Amino acid sequence: MSLRIVSADERLAEARGVKAAVFGKSGSGKTSLLFTLPEKKTLFADLEAGDLAVQDWSGATLRLRTWQECRDFAVFIGGPNPALRDDQPYSAAHHAAVVAEYGPSLSLDAFETIFIDSITVAGRLCFQWCRGQPEAFADRTGKADIRGAYGLHGREMIAWLTHLQHTRARNVIFVGILDEKLDDFNRRVFSPQIEGSKTGLELPGIVDQVITLAEIKGQDGSLSRGFVCQTLNPWGFPAKDRSGRLDMLEEPHLGRLFEKIRGPLRPPSERLSYALPAATAAEAPPSTTVNTRS
């Protein structure tokens, strides 16, 4: 295939799904977000066997139990990566083999959204698989090499997430557990609960949206759930909005959130404003003048 310039009109006319990672504490209602999506157009990829909270949800479910099944599912919905050799996962050969095995019985054409619950469990399945690979053992002694296993795990998880990110026409939602810890200065620090550190560090650069489902305390002391959607938030929750359309706090409804993301853009002057608030600007230190005199 030859190189071709895609015009702005062509790019804007392309069907493009939203790729989002939604994190929240255990029991915060992450899986129940399924009820805020169209049931006939959403596929629930269940890795946790934790569907008790949505047992009356009437949509379709796909149960993934192994890392190989996770990889096969990713290449099935994302298609082949033409840059890869035939002996690599997500290659044309991998895609052809998966289509030959699952194509006749697994039709995904009706689904606009893939809801993956959860990326936390996907990381565990991946690490379990990595610990049995040759890279997880020392060359000469044959003893377990935990550093090799974690290195392979990071590459595997990033490749899986990146391939799903390139599934342009569908929404893909990764749900995960949010950890809360105290740092050395006794400050609260929030981070995604994913095996190893590489995936959690690189995930915000892969997906379009990072959202925290959190309990927000109002001025009257009442608690309510909400989506924290912007990096600059007063609670320190992991968040990111690549669309430029979301407010810092949004209602916890994925269907309406996607509608807003596909809505009119804010003017560039608003999205790219870096002006400091008046109070912050007043407190900023003066510029430093270097004295060159001896």
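All of the numbers you see were taken from the coordinates with simple rules; none came from a lab. Values in this document were obtained by computation on a predicted structure and should not be read as measured data. No Cβ is skipped: glycine too gets one built from the backbone with ideal geometry, and neighbour counts run over all protein chains shown.
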- So how far apart, in nm, are the two label points at Glu202 and His166 if each is 7 Å from Cα heading toward Cβ? 1.4
- Given charges at Cβ of Lys, Arg, Asp, Glu: segment 127-236 dipole, positive-most of Ala149, Thr199, Gly236: Ala149
- Zero-based 10 Å bins, Cα pair distances in the chain, whole percents: 5, 23, 31, 23, 11, 5, 1, 0, 0
- Query: What list do you get for Leu201, Leu213, Leu33 if you sort them by fewest beta carbons within 10 Å?
  - Reply: Leu201, Leu213, Leu33
- Quote the charge dipole size of the chain about the Cα centre in Debye, to the nearest 20; the model charges only the Cβ of Lys and Arg (+1) and of Asp and Glu (-1). 560
- Query: For segment 15-208, what's the relative contact order in percent, using C-alpha pairs closer than 8 Å and at least 6 residues apart?
  - Reply: 29
- Pop the C-beta distance of Phe35 and Phe137 into the FRET formula with R0 = 51 Å and round what comes out to the nearest 0.05. 0.65
- Pairs beyond 22 Å (Cα-Cα), from Lys217/Lys260; Lys181/Lys217; Lys198/Lys260; Lys25/Lys240; Lys30/Lys240; Lys25/Lys260: Lys217/Lys260; Lys198/Lys260; Lys25/Lys260
- Query: Distance from the Cα centre of segment 27-68 to that of segment 226-261, in angstrom?
  - Reply: 22
- Item | For segment 139-243, alpha-carbon Rg and Dmax in angstrom | 17.4, 65
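Using helices alone, what [θ] at 222 nm do you get for the chain, with -39,500 (n - 2.57) per DSSP H run of 4 or more residues, divided over all residues and rounded to the nearest 500?
So the calculated ellipticity at 222 nm is -8500 deg cm²/dmol.
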- Item | Computed label-point distance, nm, for sites Asp220 and Gln88 using a 7 Å Cα→Cβ extension | 5.7
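Going by how many other beta carbons lie within 10 Å of each one, how would you line up Lys143, Lys260, Lys217, fewest first?
Lys143, Lys217, Lys260
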- Query: Which aspartates and glutamates have a Cα less than 15 Å from the Cα of Lys40, not counting those fewer than 8 places away in the same chain?
  - Reply: Asp56, Asp109, Glu112
